[in-house]
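These notes are about the structure you will find just below.
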Amino acid sequence: MKKTKLLLHACCAPCASAVLENLAGEYALTLLYFNPNIQPAGEYQKRLGEFQKLKNKFTFELLAPDYAPQPWLNELKDWAAEPEGGARCARCFVFRLDYAAALARDYAGFATTLSISPHKNPAQIEQAGQTAARNYGAVFLDFNFQKLYPRSLELSRELGLYRQKYCGCLYARNN
Ligand code: SF4
């Protein structure tokens with residue numbers, strides 16, 4: 001049976017692990033590591049490198065645009081003082097999912113691993129995904145992956161994945 005092509009925005013390898021396992025039976029997956037929110041550059045590269053470990057267990061393509069944090073910093077600078085889970089994160093989701101939606105024309109739709117995290121607000125993610133889909137005439141598949149979080153912990157142990165201690169931006173790391 002021919003699988004449906006899905007573009008999956010992936011925030012990091014640990015979150016992507018259980019989502020890959022969950023979706024791989026139905027979808028031909030292209031992972032998009034577009035996360036200019038991650039700082040500093042070394043942390044961004046370290047998280048990117050972990051996707052190679054996922055290739056030992058799962059089949060997928062990986063798109064990873066060059067690291068370019070400045071547009072994200074410009075866009076989000078006025079929300080630096082927001083707590084995690086607030087308006088800054090909502091804009092951060094829009095920023096990243098807009099990029100995914102713009103690339104999604106050749107796919108049946110796009111989705112994101114972001115909702116697996118118990119620290120994220122699924123309603124913010126859904127709103128960002130739907131807005132991005134409208135902006136680019138794409139289809140957003142609003143999966144809520146939160147129930148897969150325990151499995152992502154198991155897979156992280158099994159594959160020896162690095163699990164970061166903060167979401168991504170320095171605002172979150174330093175607060
Ligand atoms: S805490 Fe995470 S989701 Fe929120 S703005 Fe920072 S990087 Fe983005």
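General remarks:
- Residue within the stretch 92-115 that is loosely packed, with under 15 Cβ neighbours inside 10 Å and free of Cβ contacts under 8 Å to residues at least 12 places away in the same chain present: no
- Helices (runs of 4 or more DSSP H) fully within the stretch 9-84 counting 1 or more residues that are over 25 Å from Asn144 (Cα atoms) and within 15 Å of the ligand (Cβ to nearest atom): 41-49, 70-76
- Among the residues of the stretch 14-28, some residue qualifies, meaning at least one is surrounded by 21 or more Cβ atoms within 10 Å (Cβ to Cβ), touching a strand residue (DSSP E or B) at 6+ places or on another chain (Cβ under 8 Å) and within 22 Å of Cys92 (Cα to Cα).
- In the stretch 53-66, the residues that are at pLDDT 95 or above, more than 10 Å from Leu161 (Cα to Cα) and of a type outside the set (Gly, Ala, Ser): Lys55, Lys57, Phe58, Thr59, Phe60, Glu61, Leu62, Leu63, Pro65, Asp66
- Remark: Lys5 matches the filter, which requires a residue to be within 20 Å of Gly129 (Cβ to Cβ), charged (D, E, K, R), modelled with pLDDT of 95 or more and outside any loop (DSSP other than H, G, I, E, B).
- Unique residue being under 16 Å from the mean Cα position of the chain (by Cα), modelled with pLDDT of 95 or more and within 16 Å of the ligand (Cβ to nearest atom) when the list is Phe110, Phe140, Phe95: Phe95
The values are calculated or read from the model by the stated rules, or taken from the named source; none is laboratory data. The structure presented is a predicted model; accordingly, all values stated were derived computationally and were not measured. With ideal geometry, Cβ positions are generated from the backbone for all residues, glycine too; neighbour counts draw on all protein chains shown.
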